[in-house]
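Below is one structure, written out as structure tokens; the observations come after it.
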Amino acid sequence: MIELLRKRRSIRVYEDRNIEPEKIEILKEALLRSPSSRNINPWEFIFVDSKELLKKLSKVKEHGSEFLKDAALGIIVCGDEKRSDVWVEDCSIASIIVQMVAQSINVGSCWIQIRNRMHNKDITSEAYIQGLFTIPQNMKVESVVSMGYPAEKKPGVPKEKLQFNKIRINRW
């Protein structure tokens, strides 16, 4: 696992090719195996592979989501706020788990934050997605994870650049 973390980077440029069905199944399984508080599993996922829908989804925010139009897949990560008070955490865990599994099968990914972000000055990113995909109001949208085969090379962050000053032992 540490080797995956050492190599993982946010990928925003993708090759123009689909992800194989067997790899899509692995990604689905990874999401459904994600840990959740009290095993409530308040999350739900929408897999988007339609180029037309990915193009619309790429406009979810004014900045930081446009690369979705060139991804092979977008995974919308939703949580039912009525089922769990920690849906945000559970959805966040699922989002990163699927990114790590993608890395393990040579698929690039990037987290796109949706919760508390704006589509434009009047509409939240969440409301935009809820309308586009007819998502019920109680299902909150935490993130979208873009996926595809990397068309860019990014080296891992060297260990020397890690912020070890953020770690304290036994006290602040």
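Mind telling me which of the residues K154, K121 ends up being of a type in the set (D, E, K, R), more than 18 Å from the chain's Cα centre (by Cα) and within 25 Å of V13 (Cβ to Cβ)? Reasoning before the result, please.
Working: K121 fails: within 25 Å of V13 (Cβ to Cβ).
Answer to the check: K154.
For the structure I just gave you, tell me whether R115 is surrounded by fewer than 20 Cβ atoms within 10 Å (Cβ to Cβ) and closer than 22 Å to A151 by Cβ.
Working: surrounded by fewer than 20 Cβ atoms within 10 Å (Cβ to Cβ): yes; closer than 22 Å to A151 by Cβ: no.
Considered against the rule, which asks whether it is surrounded by fewer than 20 Cβ atoms within 10 Å (Cβ to Cβ) and closer than 22 Å to A151 by Cβ, R115 comes out as no.
Tell me, which residue of segment 151-167 that is open to solvent by 100 Å² or more (accessible area, probe 1.4 Å) and among the basic types (K, R) is farthest from G108 (Cα to Cα)?
Here the residue is K166.
Name the single residue, out of those in segment 29-39 being surrounded by 15 or more Cβ atoms within 10 Å (Cβ to Cβ) and in contact with a strand residue (DSSP E or B) (Cβ under 9 Å, 6 or more places away or on another chain), that is farthest from V145 (Cα to Cα).
The initial filter retains those residues of segment 29-39 that are surrounded by 15 or more Cβ atoms within 10 Å (Cβ to Cβ), namely 30-31, 34, 36.
Still in the running and in contact with a strand residue (DSSP E or B) (Cβ under 9 Å, 6 or more places away or on another chain): 31, 34, 36.
Values: L31: 12, S34: 15, S36: 18 Å.
Here the answer is S36.
Here are some conditions: (1) in contact with a strand residue (DSSP E or B) (Cβ under 6 Å, 6 or more places away or on another chain); (2) part of a helix (DSSP H, G or I). E22 meets all but one. Which one does it not meet?
Answer for E22: the failing condition is (1).
Which ones in segment 73-89 are in contact with an Asp or Glu (Cβ under 7 Å, 6 or more places away or on another chain) and either closer than 18 Å to L132 by Cβ or open to solvent by less than 10 Å² (accessible area, probe 1.4 Å) (or both)?
L73, V77, C78, G79, S84 - these are the residues of segment 73-89 that are in contact with an Asp or Glu (Cβ under 7 Å, 6 or more places away or on another chain) and either closer than 18 Å to L132 by Cβ or open to solvent by less than 10 Å² (accessible area, probe 1.4 Å) (or both).
Can you tell me how many residues within segment 41-71 are open to solvent by 10 Å² or more (accessible area, probe 1.4 Å), modelled with pLDDT of 95 or more and of a type outside the set (S, T, Y)?
So the count comes out to 18.
Please go through segment 136-154 and pick out each residue that is among the small types (G, A, S), in a strand (DSSP E or B) and more than 17 Å from V60 (Cα to Cα). Let's see the steps before the verdict.
Start the filter on segment 136-154 by keeping residues that are among the small types (G, A, S), which leaves 143, 146, 148, 151.
After this cut, where a residue has to be in a strand (DSSP E or B) as well, the list is 143, 146, 148.
Result: G148, single match.
Please return the ranges of helices (runs of 4 or more DSSP H) entirely within segment 51-135 where 1 or more residues are in contact (Cβ under 8 Å) with a residue 12 or more places away in the chain and over 30 Å from K153 (Cβ atoms).
Numbers: elements: 51-57, 87-104, 125-133.
In segment 51-135, the matching helices (runs of 4 or more DSSP H) lie at 87-104, 125-133.
In this structure, does A94 turn out to be in contact with a Leu (Cβ under 6 Å, 6 or more places away or on another chain) and either open to solvent by less than 30 Å² (accessible area, probe 1.4 Å) or closer than 17 Å to L53 by Cβ (or both)? Lay out the reasoning, then the answer.
Details: in contact with a Leu (Cβ under 6 Å, 6 or more places away or on another chain): yes; either open to solvent by less than 30 Å² (accessible area, probe 1.4 Å) or closer than 17 Å to L53 by Cβ (or both): yes.
Here the answer is yes, as A94 does meet what is asked.
Can you tell me which residues in segment 1-23 are closer than 26 Å to S50 by Cβ and either charged (D, E, K, R) or open to solvent by 60 Å² or more (accessible area, probe 1.4 Å) (or both)? Please lay out each step first, then the result.
To start, the set of residues in segment 1-23 that are closer than 26 Å to S50 by Cβ comprises 10-23.
Across segment 1-23, the qualifying residues are R12, V13, E15, D16, R17, N18, E20, P21, E22, K23.
The values are calculated or read from the model by the stated rules, or taken from the named source; none is laboratory data. The structure presented is a predicted model; accordingly, all values stated were derived computationally and were not measured. Don't worry about glycine lacking a Cβ; one is built from the backbone with ideal geometry, like all the others, and counts go over all protein chains shown. The area values use the complete protein model at the heavy-atom level, side chains included, leaving out ligands, DNA and RNA. Shrake-Rupley method; radii C 1.70, N 1.55, O 1.52, S 1.80 Å.
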